[in-house]
Amino acid sequence: MNQIVIEDIIFVLLLIGLSIPLGIYICKVMEGERVFLSRIFSPAEQGFYRMTGIRSEEEMTPKKYAFSVLAFSATGFIFLFCIQLLQKYLPFNPEKIGNVRWDLAFNTAASFVTNTNWQAYSGESTMSYLTQSLGLTVQNFLSAGVGIAVMFALIRGFISKQKTTIGSFWKDITRAILYVLIPLSLVLAIALVSQGVVQTLSPYAKTTMVESGASQTIPLGPAASQIAIKQLGTNGGGFFGVNSAYPLENPTPFSNFLELLSILLIPAALCVSFGKAVKDYKQGRTIYAVMLIFFVLSVAAVTASELYKAPVFQGVAVSGSMEGKEIVHGVGTSALWGAATTSASNGSVNASLDSFTPLSGMILMFLMQIGEVVFGGAGSGLYGMLAFAILTVFMAGLMVGRTPEYLGKKIEPFDMKMVCIIVLFPPLFTLFGTVSAVLMPEVKSWLLNSGAHGFSEILYAFSSMGNNNGSAFGGYAANTAFTNVAGGIIMLTVRFVPMIATIFLAGNLSKKKLVAVGEGTLSTSNVMFAGFLIAIIIIIGALTFLPALALGPLADYFTAIG
């Protein structure tokens with residue numbers, strides 16, 4: 001137990017310590033300032049603008065910015081969809097893997113373009129090296145870059161004064177990928193290779209088992225490069241079927257810690273970037289503190305649930321529930337990873353989440369169901385949390401009879417409409433997908449378990465897709481035409497509708513003048529506001545999902561102890 005607590009404390013301290021300088025660096029990059037990597041990447045950046053005809057200094061209206069986001073993402077979707085349908089005829093396919101079925105190709109393209117990385121397949125048996133590298137890995141960079149770009153468009157909305165533009169999407173995404181995602185991924189990939197993570201174009205290895213003499217095939221591939229950005233970009237899609245529980249994807253305790261730290265690094269750093277960009281570090285610290293409180297409490301609850309609900313074998317108490325967990329990681333690290341991956345809209349796993357206790361599973365679900373705002377995805381988590389902050393300011397304004405203000409901007413009806421779209425669309429489509437699946441005649445044949453746990457598997461799956469997370473309980477046969485098509489539509493909707501709402505919110509805020517702070521202005525950087533913000537998030541999440549959670553993990557818990 002002491003070792004687990006020490007590991008968690010070290011993790012949190014390192015996360016905070018690394019996120020501060022990284023956040024300052026990201027803010028400088030996105031504001032166009034020179035940084036220590038400018039000498040290396042500035043020529044490439046300017047060359048890319050000349051080659052594509054992009055005018056980097058051109059400012060975009062919200063409508064043009066939104067159109068650019070949709071056109072860019074649609075192009076990536078079509079490319080990834082087609083490469084899967086044609087992979088049998090394309091190079092870098094040493095295992096001669098066939099083309100992907102259309103509905104699975106649709107789901108996977110939607111998944112990776114939306115930064116969800118939900119995987120209804122095993123990578124080693126379904127995707128060629130070319131599809132994994134040119135298709136999935138590239139989209140890991142692009143989807144994370146889109147989220148960061150939109151986040152900074154919203155920041156410009158807060159800091160601009162009576163402007164009709166919110167920046168250039170092409171400049172934003174280019175700088176996010178070139179100066180932030182590529183360098184970090186390169187460093188992490190090299191570190192992972194040093195730990196034994198595989199990075200090769202060689203065919204799968206054939207080996208003979210020492211004891212049985214049976215032949216076994218060891219899947220290989222260019223995995224390290226994809227794993228680095230899957231973690232840093234809050235993507236989560238593994239190169240192999242069992243994700244980071246596979247030894248060649250996560251072989252050592254050190255590689256596990258690096259991957260785990262990478263999950264939260266950029267989302268945490270963006271809180272610092274936000275404070276620096278709005279020239280008020282207290283605002284960034286408040287948002288950061290709220291996220292950290294949610295995360296720390298979740299880690300403590302999941303860890304306790306896994307430790308103290310341990311089974312007993314032949315009268316000997318086991319130190320924690322080790323079912324579905326790798327011995328090299330243990331209960332503590334598996335619990336920490338579970339909380340991190342569901343907090344950060346990442347979705348990668350190093351243990352079977354279906355084997356977690358019912359209460360642990362409920363906490364992991366709830367972290368997704370509140371909108372992936374506890375750190376959340378790269379960029380998307382922070383703009384989701386800021387939507388909740390605006391909602392909190394609005395609620396406080398109603399209580400005291402004042403026009404609500406946030407960061408010097410008055411919050412008006414149009415702003416609240418956009419906030420409601422950002423906050424309510426993910427839970428709406430999560431519940432819609434869950435209900436649709438439950439009503440399907442074939443649903444029993446899709447489930448490994450019956451009763452409350454079976455319902456939890458369905459609820460978790462659509463909570464994951466409906467909040468762009470990508471992790472799975474397991475036990476639910478997701479690779480069906482219904483789930484692939486319905487899930488793909490849900491993932492696209494809950495990614496881009498709130499994202500477009502965020503862009504138009506940024507545009508409306510940008511047009512306003514700054515309001516001077518007065519005696520009656522609500523402070524949005526003190527303990528009271530942080531507590532109010534936490535309460536609003538919990539209340540909305542509980543009101544939306546408590547009935548479903550009662551039928552799923554809560555019923556599963558009380559059935560188990562009964």
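Just so you know, all these numbers are worked out from the coordinates, no wet-lab data involved. Everything numeric here is computed off the predicted structure, so don't read it as measured data. Every residue, glycine among them, receives a Cβ derived from its backbone with ideal geometry; neighbour counts consider all protein chains shown.
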Worksheet item: Size of the dipole of segment 320-449 about the Cα centre, Lys and Arg at +1 and Asp and Glu at -1 on the beta carbon, nothing else charged, in debye to 20?
Response: 340 debye
Worksheet, complete the sentence: Of the candidates Met491, Ser464, Ile411, the farthest towards the positive dipole end of segment 399-515 (Lys/Arg Cβ +1, Asp/Glu Cβ -1, centred on the Cα centre) is Ile411
Item to complete: Enumerate the lysines that Lys325 could reach by cross-link, defined here as Cα to Cα under 18 Å, with residues fewer than 8 away along the same chain left out.
Response: Lys309
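Place the peptides 33-45, 537-549 in order of packing, highest mean first, counting for every residue the other Cβ atoms within 10 Å and averaging per peptide.
By packing density, highest mean first, the sequence is 537-549, 33-45.
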Discussion item. Please list 3J(HN,Hα) in residue order for segment 186-194, calculated via the Karplus relation 6.51 cos²θ - 1.76 cosθ + 1.60 where θ = phi - 60°; whole Hz, with x for glycine and proline.
Written reply: 5, 4, 5, 4, 5, 4, 5, 4, 5
Fill in: Euclidean distance between Cα centres, segment 497-527 to segment 431-485, Å
38 Å
Worksheet item: Using a cut-off of 15 Å between alpha-carbon atoms, which aspartates and glutamates can reach Lys206, once sequence neighbours fewer than 8 places away in the same chain are excluded?
Response: Glu95, Glu124
Worksheet item: HN-Hα J couplings of segment 331-346 from phi, Karplus 6.51/-1.76/1.60, θ = phi - 60°, integer Hz, Gly and Pro as x?
Response: 5, x, 5, 5, 5, 4, 5, x, 5, 5, 6, 7, 6, 9, 6, 9
Fill in: Cα-centred dipole magnitude for the chain, charges only on beta-carbon of K, R (+1) and D, E (-1), debye, nearest 20
1840 debye
Discussion item. If you take mean projected area of the Cα convex hull in nm² from the coordinates, which of (i) 26.7; (ii) 31.7; (iii) 41.6 do you get?
Written reply: (i)
Worksheet item: From the residues Gly53, Ile26, Ala304, which one has its Cα farthest along the dipole of the chain in the positive direction, the dipole being from +1 and -1 charges on Cβ of Lys/Arg and Asp/Glu about the Cα centre?
Response: Gly53
Worksheet item: For Phe79 and Glu45, what is the calculated FRET efficiency with R₀ set at 30 Å and r taken between the beta-carbons, to the nearest 0.05?
Response: 0.85
Worksheet entry | Dipole magnitude of segment 1-158, debye to nearest 20 (Cβ charges: Lys/Arg +1, Asp/Glu -1, about Cα centre) | 460 debye
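Over 24 Å between C-alpha atoms is what I'm after, so list which of Lys28/Lys417; Lys161/Lys282; Lys63/Lys230; Lys63/Lys282 land there. Before the final figure, lay out each step's value.
Values: Lys28/Lys417 31 Å; Lys161/Lys282 21 Å; Lys63/Lys230 30 Å; Lys63/Lys282 32 Å.
Cα-Cα > 24 Å for Lys28/Lys417; Lys63/Lys230; Lys63/Lys282; rest within.
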Discussion item. Once the convex hull of the alpha carbons of segment 208-361 is built, what does its volume come to per residue, in cubic angstrom?
Written reply: 128 Å³
